[in-house]
Amino acid sequence: MSMNDEQPRGDAEPADKEPAQKRDAEGETPAEETLLRNAAPQEGTEVPLPPVDEAPLEIPPELIREKVREVQENGGAPQPATKPEPYIVFDRVSKSFGDLVVLDDVSFEVLAGETVCILGRSGVGKSVTLQQIMGFLKPDKGRILVAGEDITGFSDQQMEEVRKNVTMVFQSGALFDSLSVAENVAFPLRERKGLEEDQIQKIVTGLLEMVGVTGATNLLPSDLSTGMKRSVAIARAMAAQPQAILYDEPTTMVDPLIGRLLGNLIEKLKTQLLLTSIVVTHDMRFAERLADHVVFLHQGKVLFFGTMEEMKRSDDEILQQFLELDSLVLPNV
């Protein structure tokens with residue numbers, strides 16, 4: 001099931017159960033949970049995210065167990081000496097819209113379990129790259145491989161199978177407007193079938209605790225701030241238990257503290273669940289923190305593909321200009 005802006009068919013059952021309060025080692029309710037639970041939000045108001053340094057960001061045990069089961073079924077944990085295989089590959093991909101060439105002979109790969117950040121000025125095809133991986137757009141030339149399969153010519157039905165393993169977090173969040181926060185997160189779980197309602201509610205509760213928005217359970221997307229919409233969208237993406245997540249400008253139009261919280265979350269998903277990630281971003285600080293490798297797009301081509309340190313050491317004039325302007329706009333604080 002692709003998570004786009006279309007409304008789902010049928011009515012999703014509401015999430016009625018209240019999540020059980022967690023206690024810390026001294027038996028006290030965590031500060032951020034107390035704040036959210038006592039807020040009693042009114043319709044049409046925004047609920048703040050918890051303080052960055054206090055956000056729980058705990059991966060739900062159900063998802064950890066699922067990952068352990070997956071590893072066991074594959075014959076145990078991979079050997080350290082084994083080099084990861086590419087999970088996503090762009091092989092000389094080109095894409096145009098009329099006379100406008102957006103991507104021109106673009107090649108790069110994302111290894112399983114790593115995070116690649118795509119950088120570049122506005123309009124260079126960063127988001128188009130993600131949309132082609134999801135099958136929303138088709139390349140004019142070249143191949144795109146996901147988990148070893150060439151998806152370039154896949155039908156919509158075949159892409160639905162791919163989207164069970166690869167999901168995307170849109171800038172807007174792309175939440176279903178008519179469903180509550182809890183119902184949005186539960187939607188992919190109900191689509192998968194085979195889960196009892198109490199299991200669904202338990203996973204939803206854990207995911208909302210993970211992203212620090214338990215106080216927004218029954219709110220509609222219109223009641224949420226931009227940062228909260230992105231957090232809920234990540235929780236919904238995780239409910240599908242994907243192998244890879246694509247993030248389209250996760251820190252755009254959010255303040256630096258919320259950007260840091262989202263960065264904490266993306267980093268934890270990578271390290272604890274070994275997720276493969278592609279992050280489209282304009283934020284160099286964000287990329288420097290998360291990226292194993294960086295793709296820099298310029299005038300439709302890959303100007304640079306390597307580590308952030310290699311990018312900083314490059315003597316390419318365009319790269320150095322980009323880094324210099326970024327340091328002026330976004331100073332280290």
Somewhere in region 237-244, is a residue in contact (Cβ under 8 Å) with a residue 24 or more places away in the chain and surrounded by fewer than 16 Cβ atoms within 10 Å (Cβ to Cβ)? no
Inspect region 108-117 for any residue being among the small types (Gly, Ala, Ser), touching a strand residue (DSSP E or B) at 6+ places or on another chain (Cβ under 9 Å) and modelled with pLDDT under 95 and give the result as yes or no. yes
Counting just the residues of region 309-333 that are within 28 Å of the chain's Cα centre (by Cα) and modelled with pLDDT of 90 or more, which one comes out farthest from Met284 (Cα to Cα)? Glu310
Would you pick out the residues in region 261-277 that are in contact with a strand residue (DSSP E or B) (Cβ under 8 Å, 6 or more places away or on another chain) and among the polar types (S, T, N, Q)? Thr276, Ser277
Of the conditions (1) among the small types (Gly, Ala, Ser); (2) farther than 28 Å from Lys268 by Cβ; (3) touching a helix residue (DSSP H, G or I) at 6+ places or on another chain (Cβ under 7 Å), Ser107 fails just one. Which one is it? (3)
Residues within region 271-308 that are under 15 Å from the mean Cα position of the chain (by Cα) and either more than 20 Å from Val166 (Cβ to Cβ) or surrounded by 18 or more Cβ atoms within 10 Å (Cβ to Cβ) (or both), tallied: 12
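Being buried (at least 21 other Cβ atoms within 10 Å of the Cβ), farther than 26 Å from Thr252 by Cβ, of a type outside the set (Val, Ile, Thr) and in contact (Cβ under 8 Å) with a residue 40 or more places away in the chain is true for just one of Ala186, Ala182, Ala112. Which residue is that?
Ala186
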Somewhere in region 279-300, is a residue modelled with pLDDT of 85 or more, within 30 Å of Leu195 (Cβ to Cβ) and not hydroxyl-bearing (Ser, Thr, Tyr)? yes
For the subset of region 215-236 comprising residues that are farther than 22 Å from Val128 by Cβ and among the small types (Gly, Ala, Ser), which member is surrounded by the most Cβ atoms within 10 Å (Cβ to Cβ)? Ser231
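The values are calculated or read from the model by the stated rules, or taken from the named source; none is laboratory data. Fair warning: this is a prediction, and the values are worked out from it, not measured in the lab. Glycine also receives a Cβ, built like all others from the backbone with ideal geometry; neighbour counts cover every protein chain displayed.
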